[in-house]
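Chemist: Quick one: structure below, then a few questions.
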Amino acid sequence: MIVNKGITGQTKKRVAKQILAAVSVICILPVTVVLCAALDGNATSAVTTIRAIKNERVLIAIEGMHCTSCATGIKAMLKRTPGVISAEVSFERREADVEYDPSRTSPEKIVEAIANMGYKSNVKAQEGS
Ligand SMILES: [Cu+2]
């Protein structure tokens, strides 16, 4: 923290708590969440929370893959798709595990992108990651 260098730990904590109380009212934006958690001395879990708020994960069942290079091709395409953070495609399990930014894309759009490559697919499971 940049502030409160000159005061005792206890005062610092009290001030931090007051600020936290004030700030938590407007704790909607991820950035604010970091600030709150930093004041609370719990920055690490806040970063995890942000990730959870920001990105979501979807498991997509894919039909029609013939070999591992089909899976590699779909994976490469997904990684180029706007809003996709990361993608793993398994030929063995016939599925894609995709992490995406819900403000930029959706499971429906991802399924559509896979369909454009000629593979039928559907959403198997969805979760915030
Ligand atoms: Cu193939």
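None of the figures in this text is laboratory data; all of them are computed from the coordinates on show. Since the structure is predicted, the reported quantities are computational estimates derived from the model, not experimental observations. So basically every Cβ, Gly included, is an ideal-geometry build from the backbone, and we count neighbours across all protein chains shown.
Chemist: Exactly one of (1) closer than 16 Å to Tyr119 by Cβ; (2) buried (at least 16 other Cβ atoms within 10 Å of the Cβ) is unmet by Ile85. Its number?
Modeler: Single failed check for Ile85: (1).
Chemist: Which of the residues that make up the stretch 92-129 are within 16 Å of the ligand (Cβ to nearest atom) and crowded, with 17+ Cβ neighbours inside 10 Å?
Modeler: Arg94, Glu95, Ala96, Ile114, Tyr119, Ser121
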